[in-house]
1. Beta carbons within 10 angstrom, averaged per residue: use that to sort the peptides 526-534, 549-557, 325-333, highest first.
2. Taking K and R as +1 and D and E as -1, what net charge do the other residues with C-beta under 11 Å from the C-beta of Tyr560 add up to?
3. If a/c stays under 1.5 just call it rounded; otherwise compare a/b with b/c (prolate if a/b is bigger, oblate if not). Do that for the range 171-271, with a ≥ b ≥ c from the square roots of the Cα gyration tensor eigenvalues.
4. Take the alpha carbon atoms of the range 470-541, find their center, do the same for the range 165-212, and report the distance between the two centers in whole angstrom.
5. Residue-wise, which Karplus ³J(HN,Hα) couplings in Hz belong to the range 270-277, taking 6.51 cos²θ - 1.76 cosθ + 1.60, θ = phi - 60°, and x for glycine or proline?
6. Count charges around Glu378 for me, please; just the other residues with Cβ under 13 Å from its Cβ, Lys/Arg as +1, Asp/Glu as -1.
7. Could you please report the charge total around Thr643, scoring K, R as +1 and D, E as -1 over all other residues with beta-carbon less than 12 angstrom from its beta-carbon?
8. List the residues whose amide H sits under 5 Å from the amide H of Thr563, counting only those 5 or more places along or on another chain, with H placed 1.01 Å from N in the peptide plane.
Amino acid sequence: MPDSNPYGAKEIQVLEGLEPVRKRPGMYIGSTDERGLWVMIKEIIDNSVDEALAGRCSNVWIDLHKDDYVTITDDGFGIPWEEHPKLKKSALEVAMTVLHAGGKFGEGAYKVSGGLHGVGASAVNALSEYMRVETRRGGKTFGQEYHQGQPKADVAEIKKSEDASLPFKYYFDWNTKSGVRTTFKADSTIMTTIEHKFETVLRQVKNRAYLVAGLAFHLYDEREDREVHYYFDSGIIALVKHINKNKEVVNSAPIYIHKSINEVDVEVGLQYTDSIAQNIESYANVQSTGDGGTHLTGFKTALTRSVNDYARKNGYLKEKEDNLTGDDTLEGLTAVIAIKMDSEQLQFESQTKDKLGNAEVAPIVSQATKEGLDTYFEENPSEARRIIEKVLIASRARMAARAAKEAVLRKGALEGANLPGKLMDCQEKDPANSELYLVEGESAGGTAGQGRDRKTQAILKLKGKILNTERARLDKVLEFEEIKNLIIALGTGIGDNISYDKVRYHRIIIMTDADVDGSHIRTLLLTFFFRYLPELITRGHIYIAQPPLYKVTRGKEVNYAYTDQQLDVLLKGTSLKAVEEATPVLDLVEGEEVAPSAATKKTPGIYIQRYKGLGEMNKDQLWETTMDPDARILKLVKVEDATIADETFTMLMGDEVPPRKRFIQTHAKQAILDV
């Protein structure tokens, strides 16, 4: 009987050249949205950074042009343009059109590299509508242009630096003796966005400037005629100081450790603050490892051992006292851990390189950190004393918090079902289909409770403003009734026994009044989540409800305006979809439209009601404007940059008044006050 299966040799698809990149772009740049667009820029920039790490580059220029073009230029050694002996093509064309081709393989020119293992530049080329690469070596400049990864002509010598056919002019004169200049425009048929955000590029460029001491970055935005330059001679020490700029520090200057062991270069910078939050960043070959890895494990192990050894040796810990824990030594710590090693030996636990996996790195970083800290403590006894005293305070607070937490759990277990009385729970038991509304005030809470969908929507009423948890330790946090109720309702636990998988609701929605007090309560709740339950944010569980500002009545037709701009549109009789503006919350989260409300119709006669509180709405109005999943608008809370978010919360909610005053003065004209 013949085989009826049509799958055979002829069905095997062979993708040649750069076709695999265009077929599966997510495999090479992660996504086709704004983040993927940044990865395209990053891969070209990191080629220049690799030149700097090899000691051959001092400057990187990034130029954001109009019409979505971007140029990255360096003064490194340039790409060879001579014929490749095996492929019989220019080495430049090979590097730009063949995957896994470049000096980062074998006995090449790069010992340390942080790019996409040789696919970076060619992957960017494949995903670009247009690319132009110029390489300068030995007084000559050669170049080539591409369309969707395909060469438009052979590599040829360029006699002049500018090409009249380009839709832009280069912002500055590239007059170095050698280097590479790459210009590209992302392909809009593949990428969902091709417009480069200045702030995104600025943040990442600044980060690299900190990590590669002595490398200057020059960023230009021709669209708005602005430029920014970064150069840090002290590297990660400057980064530690920047993170702590609005904080009261414990040790007067950051501790710096730099050692090379078994061809692994280890840099550590750390400084304690009087904060209770820790801020630790880790990097491998200049790439941020947001999920940590073996280098971070090695650092934490050495830190705890070194602090305990010094505390015991100098009588800060009594003979029968328990050792200080890792959590004790991390409280209030700002640290940057950066390792550099042979790129061929580098191992990550995922394609996105968020976690370092090299097992041999942990003991190396641990040894370097332990030796460095032991020496620092011996040579700086007064600074060591302040650090040990800070850690001892954290230890005592931890024990007090444990006692308070255990008391809360015991009390909760005696109250039946462990749920607070102010919680109106939903019938649904699957967290993925359950929502918890955090509602300001008894009146609004009661209205929300009457108007909700009881099957999927739970309501927790909050009485007034909760505790500012920015500088409150866990024992004080648990003394506050409203927060204690919230923790019990969420089901995650808190402190050292957090289990995010036990969260009882996958949508936790902050619903406060659209006034100054409502904004303050929302900020206090966000502070609590960011400091004590941060993974609820990173998992995408925290939302902000958007109640309307106005009710607009035309005859029998009722519509709602969520901004003053929408009100103006309604008053003009124009059709409107009530879509909330993507205005960042606290400048650290982005708005995400979840469900827009229906369009309006033009009718004669107008009556406008300005809502100043949720309690002014009846249950039907609150449901149809703010709680109906088919009509409401929610903002998803996201943290794009943890360091910036930390700075923002420290500035807004911390004890230091001058930074907050400067922020208010700077942004005063942007404030909308309902007075």
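The values are calculated or read from the model by the stated rules, or taken from the named source; none is laboratory data. In this text the structure is predicted, and so the values were computed from the model without any measurement. Backbone-built Cβ (ideal geometry, glycine too); neighbour counts: all protein chains shown. These area figures cover heavy atoms from the full protein model, side chains too; ligands, DNA and RNA do not enter into them. Shrake-Rupley method; radii C 1.70, N 1.55, O 1.52, S 1.80 Å.
1. Packing proxy ranking, top to bottom: 526-534, 325-333, 549-557.
2. Its environment carries a net charge of +1.
3. Because a/c hits 1.5 or more and a/b exceeds b/c, the range 171-271 counts as prolate.
4. 40
5. Here the 3J(HN,Hα) series is 8, 7, 8, 10, 7, 6, 9, 8 Hz.
6. -2
7. -2
8. Amide H neighbours of Thr563, under 5 Å, 5+ apart: Leu549.
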